[in-house]
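Since every read-out is calculated from the coordinates, none of them should be taken as a lab result. All of these numbers come straight from a predicted model, not from anything done at the bench. A quick note on method: Cβ atoms are made from the backbone with ideal geometry, for glycine too, and the neighbour counts reach across all protein chains shown.
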Amino acid sequence: MSGHHVSTAKFLWGVAIALLFLTFLTVAAAWMHFPEPWNVIVKLGIAVVKAFIVAAFFMNLWWDTKFNALLLFMSILFLFIFVGITLLDTLYRTDPIPGF
Amino acid sequence: MNRLFDFMLPPEKSTTAGEVDALFHFITEVSLILLLGITAVMLYFAFKYRRKSEDETTPLITHNNTLEITWSVIPLILVLIVFSWGYQGYLAKTNPPDDAYEIRAVATSWLWQFHYQNGHVSTNELHVPANRPVRIIMSSDDVIHSFYVPDYRVKMDVLPNRYTQVWFEATEPGESVLYCAEYCGTAHSDMLADVIVHTQEDFELWLETGDAIDEDLSPAELGEQLVQRQGCMACHSTDGTVLQGPSFLGAFGRDRELTDGTTVTIDENYIRQSLLEPNTQVAAGFQPIMPSYAASLNDRQIDAIIEYLKTLEE
Amino acid sequence: MATSDSPNIKKLQVRRYPPEENPKKTYLTEERGLWAWMTTVDHKKIGWLYLSSIAFFFFVAGVLALLLRTELLTPSQSFITADTYNQLFTLHGAIMVFFFLVPSVPAALGNFILPLQLGCKDVAFPRVNLLSFYIYVAGAIIVLTAIFTGGVDTGWTFYTPYSSSAAGGNIMMMTFGVFVLGFSSILTGLNFIVTIHRMRSPGLTWNKLPLFLWGLYATSVIQILATPVLAITLLLLTMERLLGIGIFDPAIGGDPVLYQHFFWFYSHPAVYIMIVPGFGIISEIITTFSRKHIFGYWAIALSSLAIAFIGFLVWGHHMFVAGQSSLANMVFSFLTFLVGIPTGIKIFNWVATMYKGSIDLKTPMLYAMSFLFLFMIGGFTGIMLGALSVDIHLHDTYYVVAHFHYVMMGGMVFAFLGGLHYWWPKMTGKMYNEFWAKISLLILFIGFNLTFLPQFVMGSLGMPRRYFNYLEQFQGYHQLSTWGAYLLGVGFVIMAVYLFHSMRNGKQAKANPWGSRSLEWQASSPPPLHNFEHHTPVIIHGSYDYHKPMSEFQLGIPTSHNGHGEEETVTPEPGPAEEADK
Amino acid sequence: MAQPSLSVKKEKPEHHHFVDADQQFEASKMGVWIFLVTEILFFGGLFAAYIVYRAWYPELFIAASDELDVFWGAVNTVVLISSSLTVAMAIRSVQLNQIKGLIINLWITISLAGVFMVIKYFEYAEKIGKGVLPGAHYTYDGVDHEKANIFFSIYYMMTGLHGIHVLVGISLMLWLVWKAKKGHFSSKYYNPVEGTGLYWHLVDIIWIFLFPLLYLID
């Protein structure tokens, strides 16, 4: 069992620097003003990469039992289910308009 | 159509009711067959394989793929039939024909007001023509209500921030009950209205003249009828009980303290003001929740209500 | 560290069933006194703490139901006002759902049985378990305070904008109480998942896991994934009333239908929190009293997980006429029907388990058979309500009320009572009076159907729910329903009497009075404080191996390992164990 | 996985109902992970509200996010990422049995969390000062949209709930410092440190999403 994974200090510093670099990148992207769909995709893409780095290397999921990673995956999956199906309602409403 | 479960359904009074009922009967009958069948098998097993001695062992039967696939696939087919049948019926019930006659409904705690195209307004009475699709566009003044007429098999929630609609085509002149089906507070169960179906000609006539019944009544009698039919009784009693609003009993001529601290005498002007702009002078201890009757009562009717209130002495 | 079981098991001392009868030292005789009970971390005692609490709330909410039914004897006001009536049905629903149904099987029976079926000494986090109970108590106190300081009349669903602006009473305190309660439910689920994953006895592989535990596992998963959404919903609702944040309140710019999505995303899966552990109980009872291997073990185990998963996709069927888009209605209706399939599979498998069994119609078995009948009615009427066009007519009528009472009471409560009677000898060490138990069941069965069958009829005839006054045409049905409710009351009183009587004067129970093959019955009745006398048993047989005679049943205890980490020799059991090794 | 091997001699667990220390460590870590699942879905409700309203009123979110200061948001992101690093270092220290390093790293983390809250305080004060309050109390007229109050309700709920989590994290770490000083932790038993660390990283991850969603829309 690799639950007691010990990272080297150098490695932890490397992870943090990568995260700080990505933070810089996302702020820079905000100044670039990408056209609409790309704007969201770039920023959320960077956020996802950052979250992945934190989860994998700070929270040690990379070395941990797969079940804990599965738990994280499940929570995100069910969040998507919740939001996705709710959007099936909120985005597709067709309210009638009174004629008088 | 004599079917086993006819007693469970109200009369079919709209063109789409039959479709709903057919599916209702189908599901109930199939369910009954399955329920009785499975129960019989269970009881038969309980009898046939009853324990005969204490140290019996039983054969090891862990599973049977054929059997399990069968009893997964057959119910799946059945529910898919029910799904598509129900969805078809739903589409028919939610898409009104283009030529549907439009009526606006406004729900308030706890009464219904219906606005017609010529500006006519009726309270707690929905007048519709027979044999013509009617489309009701609804909104609420406060909380969520729901428009439910069992005879037509229609129901739709009435929302405060959006318009929703129902449509139906009544098949014959007559009356049906309209319920509020979404819980909305104290008098939720009194938020009923009558759906009155006229022939096309009678409906045109009603739109022109409104209720003809008031012609030969005395003002006080007319007033009494109006108070009962306009939904006033949901909040105002005539026997002294305090509901959501003050009681009418002995109110006329009395002084009343208002929420802003001032006092007024309940006279003709105050009653008229309270009907037309109800929330400008609210009695102390009550909420400003009464809807306006400016569009639904004419001068003669207001006078009649005033006359009626005068008769309610303690 | 994963090791195959077989080489180790060979090194075991094998002890032959049965264990000690009439033990002197049990969990009930050790750590006595009120203080010891209130601060216990023993899962069995915590199970009892929960059981007594939920029994109290079941009684309270049951009395409320009788008051409601009595008022409904007449079409207009008889002895309570409309506002009181509205408060009573709100409290009946809220207390039954949040204080009885959700914690009943997992927190009361589950707490007691789960470690015993796993062969461990306790759940993974015993102190968290006790904390979870006290969170439940705190939530209960807050809710009771809310009831006595204004009450709540919104219905248990707290729909906005009625709850956020129109309704009076003490809604903020009520929602806060339920919010607190959610954490109790979450902690129980968390504890169970970790316990099932990490603390199974050697040899208890996933494919030997008793089906009750599969049920609890699926339930715990739902509790973990759904309850937080309830928490945030109630938090937002509280903020709505406190600060007017307006996300759900149309007067400030919000959307009330969005609230309904939030609410039902928890509350529909919550239906499965209530019923899925009940399924587990039924699997245990039917195998034990049919003395037969479960038919379709994997079908039943996986269908629990399937129900848990699909249960998350169908919440919108509570909103078919609420104003959600037609697309959403279609998708939700379709997915709703899919839940019916795994549920149907379970029912067929249970009946098939009885085939060629050796069926003993003891009280728990009769409860299980009643469950099957009543739950099928609940299921079929659920199909009816899932059909879009029919639901337009039936939504928010008594048909819905009858449907969910058939599922919740006919299904869940009957399963719970079956489980209670099934494990009663294990929990108390005493037998109850079989005759009175059957009489009580008969009364409950008749009373239940008398109460709720008429509600199907008046519902489809158009009687809306939550009505204080009603049209006279429905009075006959209402009266039948009320008489049925009184009969139910009588049934429960009889049950309370004989159960209490058995605790003091009941016959001493054997360790395994039903001849079950499941692990919890291989501990003594009642079990010792540490379940298997400080040992970690090794599972050799399956929980449903009814094709083997009882005399072959053995419980392994490792010689090299006593559960404390230090080497220590275990004195071999005399006689039978050595024979078994030959 | 779950079955302990029977032949190998094991560390004695901290609590007697576990079979051995390894089982206890894995169990408590899984417990924390399950707790984090509930946290994700708890915040998930707010993300859902955000997405629904964003899909309804995209122009509102672009206009209203101008009121948020990207600079301070970015500074707070840096602060939280640094604190994640120090928590990871704290766990490394205790794994190597360096209790002093553990305590120092915990103190740095607590200070960084404090900095985060102070910056958050000034951001809140600036907004409240100009009438940017949630929902019904919103009086600011700098955002030209009738639903501007809803955006700020979501903003306050998300950042407020996150802030409460930061405060809870601070208290947990103060408790860890206290326990560490009393000699409770060693490379053999440090489950609470590991658990708190996981919690703190999740708080960081949530902020990693809040920052672009609220501050960087345009």
Quiz item: If r is the Cβ-Cβ distance from B:Ser237 to C:Gln479 and R0 is 22 Å, what FRET efficiency results, to the nearest 0.05?
Solution: 0.20
Practice problem: Please name whichever of C:Phe334, D:Gly142, B:Cys184 sits farthest to the positive end of the charge dipole of the protein assembly as shown, dipole taken about the Cα centre and charges placed at Cβ: Lys and Arg +1, Asp and Glu -1. | Solution: C:Phe334
Self-check item: Cα gyration tensor shape of the range B:8-82, rounded if a/c is under 1.5, else prolate or oblate by comparing a/b with b/c
Solution: oblate
Quiz item: Can you give the helix-only mean residue ellipticity at 222 nm for chain D, where every DSSP H stretch with n ≥ 4 adds -39500 (n - 2.57) and the sum goes over all residues, rounded to the nearest 500 deg cm²/dmol?
Solution: -25500 deg cm²/dmol
Quiz item: When only alpha-carbon atoms count, how far does chain A stretch along each of its three principal axes, as whole angstroms with the largest first?
Solution: 73, 37, 14
Self-check item: Cα gyration tensor, the range C:36-505 - rounded (a/c under 1.5), prolate or oblate
Solution: rounded
Self-check item: Neighbour-count order for C:Glu30, D:Glu194, D:Glu39, fewest beta carbons within 10 angstrom listed first
Solution: C:Glu30, D:Glu39, D:Glu194
Self-check item: Residue-count net charge about C:Val400 - beta-carbon cut-off 12 Å; Lys, Arg +1, Asp, Glu -1
Solution: +1
Quiz item: What percentage of all Cα-Cα pairs in the range B:43-128 are separated by more than 15 Å?
Solution: 80 percent
Self-check item: Alpha-carbon radius of gyration plus Dmax, which is the widest Cα pair, for the protein assembly as shown in Å
Solution: 32.6, 108
Quiz prompt | Net +/- balance of residues flanking B:Ile306 in space, Cβ distance below 10 Å, scoring K and R +1, D and E -1 | solution = -2
Practice problem: Show the residues, 5+ positions off or on another chain, whose built amide H is closer than 5 Å to the amide H of B:Leu249. | Solution: B:Asp239, B:Gly240
Exercise. Return the average number of partner chain Cβ atoms within 10 angstrom of each residue Cβ along peptide C:341-350.
Key: 4
Quiz prompt | Where labels lie 7 Å past Cα in the beta-carbon direction, separation of D:Asp141 and B:Asp6 in nm | solution = 6.9 nm
Practice problem: Between beta-carbons, use under 13 Å as the cut-off and find the net charge around B:Gln165, counting Lys and Arg +1, Asp and Glu -1. | Solution: +3
Quiz item: Say the dipole of the range C:36-505 comes from +1 at the beta carbon of Lys and Arg and -1 at that of Asp and Glu; which of C:Ser132, C:Gly489, C:Met427 then lies farthest toward its positive end?
Solution: C:Met427
Quiz prompt | Rounded to the nearest 20 debye, dipole of the range B:173-225 from Cβ charges on Lys, Arg, Asp, Glu | solution = 340 debye
Quiz item: Can you tell me the Rg and Dmax of the range D:36-215, counting just the alpha carbons, in angstroms?
Solution: 18.5, 59
Quiz prompt | Lys/Arg +1, Asp/Glu -1 at C-beta; the protein assembly as shown dipole; positive extreme among C:Met365, A:Ala30, C:Asn86 | solution = C:Met365
Quiz item: In whole Å, how far is the Cα centre of the range C:91-128 from that of the range C:254-296?
Solution: 14 Å
Practice problem: Could you please rank C:Thr157, D:Thr38, placing first whichever residue has the fewest other Cβ atoms within 10 Å of its Cβ? | Solution: C:Thr157, D:Thr38
Quiz item: Is the shape of the range B:219-311 best called rounded, prolate or oblate, per the rule: a/c under 1.5 gives rounded, else a/b larger than b/c gives prolate, else oblate, with a ≥ b ≥ c the square roots of the Cα gyration tensor eigenvalues?
Solution: rounded
Exercise. Calculate the length of the line joining the C-alpha centroid of the range B:281-314 to that of the range B:177-234, in whole Å.
Key: 16 Å
Quiz prompt | Cβ-based exposure ranking for B:Glu268, B:Glu224, in which fewest neighbours within 10 Å come first | solution = B:Glu268, B:Glu224
Exercise. Mind putting a number on the dipole of chain C about its Cα centre? Charges go on the C-beta only, +1 for Lys and Arg and -1 for Asp and Glu, and I need it in Debye to the nearest 20.
Key: 980 debye
Exercise. Express the relative contact order of the range A:9-91 as a whole percentage, based on alpha carbon pairs under 8 Å and six or more residues apart in sequence.
Key: 25 percent
Exercise. Work out the mean other chain Cβ neighbour count within 10 Å for the residues of C:159-172 and drop it here as an integer.
Key: 3
Quiz prompt | Inter-centroid distance (Cα atoms) of the range D:113-180 relative to the range A:1-44, Å | solution = 24 Å
Exercise. Just grab the label-to-label distance for A:Lys66 and C:Lys25, each label 7 Å out from Cα along the Cβ direction, in nm (one decimal).
Key: 4.4 nm
Practice problem: Taking the Cα centre of the protein assembly as shown as origin, work out the dipole magnitude from +1 charges on Lys and Arg Cβ and -1 charges on Asp and Glu Cβ, in debye rounded to 20. | Solution: 6940 debye
Quiz item: Between B:Leu205 and B:Glu175, what FRET efficiency comes out of the Förster formula 1/(1 + (r/R0)^6) with R0 = 25 Å and r the beta carbon distance, rounded to 0.05?
Solution: 0.90
Quiz prompt | Length added when fully stretched, B:Leu36-B:Ile69, from 0.36 nm per residue minus Cα-Cα | solution = 9.7 nm
